[in-house]
């Protein structure tokens with residue numbers, strides 16, 4: 001792989017972004033996953049410094065006041081943030097970094113680190129995305145509709161990203177991401193009906 005770089009991965013829920021990121025780390029040397037800070041309590045099986053850096057609200061606010069976060073947000077009452085020192089530390093070790101974040105966080109990171117490469121991962125179709133969301137959990141139809149509306153809102157920002165990959169086939173999408181991250185080879189050209197993807201969702205609850 002070439003010089004260490006920061007790669008921002010964004011996608012709508014249900015697109016398979018996290019699975020692709022972990023698959024990529026199994027295939028590419030010197031590639032690390034950025035660990036965020038959060039004020040929420042650890043869930044069973046989660047480890048400090050591996051899944052998140054679990055800190056108190058007071059610690060989080062102090063870090064934010066000192067300008068230590070490249071971006072931070074509140075989600076369901078908990079604070080989440082990406083610390084610059086975490087990213088810088090990995091890059092100085094010669095490791096490229098994957099940062100899994102939404103479009104708003106990606107926009108903030110690109111302002112702070114314009115050299116970062118942003119990648120948006122698209123589903124192959126609305127139907128496929130809806131099927132994936134249905135298969136993830138037993139949600140009522142109105143919940144699925146709301147999740148689809150949120151997904152369409154997220155997808156609407158795909159053109160802001162440097163690169164776009166379609167997860168129509170896991171191994172092919174993984175190869176596309178590997179080409180982007182390593183600089184070897186070329187990802188497949190994107191051929192997808194984005195107009196259909198972005199059509200309004202009927203009756204989101």
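General observations
- Of all residues making up segment 14-26, the number that are touching a residue at least 40 places away in the same chain (Cβ under 8 Å) and either touching a strand residue (DSSP E or B) at 6+ places or on another chain (Cβ under 8 Å) or surrounded by fewer than 17 Cβ atoms within 10 Å (Cβ to Cβ) (or both): 9
For every residue, the table says whether it meets (1) under 20 Å from residue 114 (Cβ atoms); (2) without any contact (Cβ under 8 Å) to a residue 24 or more places away in the chain.
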{"residue": "31", "(1), (2)": "no, no"}
{"residue": "39", "(1), (2)": "no, no"}
{"residue": "50", "(1), (2)": "no, yes"}
{"residue": "54", "(1), (2)": "no, yes"}
{"residue": "57", "(1), (2)": "no, yes"}
{"residue": "60", "(1), (2)": "no, yes"}
{"residue": "68", "(1), (2)": "yes, yes"}
{"residue": "90", "(1), (2)": "yes, no"}
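- Selected residue [farther than 24 Å from residue 181 by Cα and either touching a helix residue (DSSP H, G or I) at 6+ places or on another chain (Cβ under 8 Å) or part of a strand (DSSP E or B) (or both)] from 73, 41, 64: 73
- In segment 109-135, the residues that are assigned to a helix (DSSP H, G or I), within 18 Å of the chain's Cα centre (by Cα) and within 20 Å of residue 169 (Cβ to Cβ): 129, 132, 133
- Failed criterion for residue 106 (all others in (1) over 15 Å from residue 13 (Cα atoms); (2) surrounded by fewer than 17 Cβ atoms within 10 Å (Cβ to Cβ) hold): (2)
- Unmet criterion (only one of (1) part of a loop (DSSP other than H, G, I, E, B); (2) within 21 Å of the chain's Cα centre (by Cα); (3) in contact (Cβ under 8 Å) with a residue 40 or more places away in the chain) for residue 94: (2)
None of the figures in this text is laboratory data; all of them are computed from the coordinates on show. Just so it is clear, the structure is predicted and the values come from calculations on it, not from any experiment. Glycine also receives a Cβ, built like all others from the backbone with ideal geometry; neighbour counts cover every protein chain displayed.
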